[in-house]
Amino acid sequence: MRLVSFDNVSLAICYDDISNYSDFLAKQNVLIDTWFFDGFSPAKNPDMWSACLFKNCFKLTAHGGRFATFTAAGFVRRHLINAGFTVQKRKGFGLKREMLVGYK
């Protein structure tokens, strides 16, 4: 994990399996404002897109916190909704046809 702070902003970049950080983040007594879920395609990395993971992320998300992900897979959308997020399908970035965004 890499942490960058300036003024009233702290940016933690976790470039690893999110499951390695969820317990750590819960112990930090902080809430996350923004998530970018980029775990490759659900077919290649199914653990990244689990219902349990999104429930944990929802608990760690500040009220009004947001997320974005390149995937628009239906089961990912349903997991995010079931975790508590409000989810919207949007026009994709770059060559992606669609993507998901949402908030708590």
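Of all lysines in the structure, the ones whose alpha carbon falls short of 22 Å from that of LYS44, not counting any fewer than 8 places away in one chain, are LYS55, LYS89, LYS96. Projected onto its three principal axes, the C-alpha set of the chain covers 36, 27, 25 Å, listed from the longest axis down.
Where only DSSP H runs of four or more residues are counted, the chain gives -6500 deg cm²/dmol as its mean residue ellipticity at 222 nm, each run worth -39500 (n - 2.57).
Look at MET99, MET48 and count the other Cβ atoms within 10 Å of each Cβ; fewest to most, that gives MET99, MET48. Please give the helix 74-83 orientation as an angle from the longest Cα principal axis of the chain, in degrees from 0 to 90, rounded to the nearest 10. Helix 74-83 sits roughly 40 degrees off the main axis of the chain.
Each reported figure results from applying straightforward, stated rules to the coordinates on display, with no laboratory input. For clarity, every value in this text was computed on a predicted model and none was experimentally measured. Note that we place each Cβ from the backbone using ideal geometry, even for glycine, and neighbour counts take in every protein chain shown.
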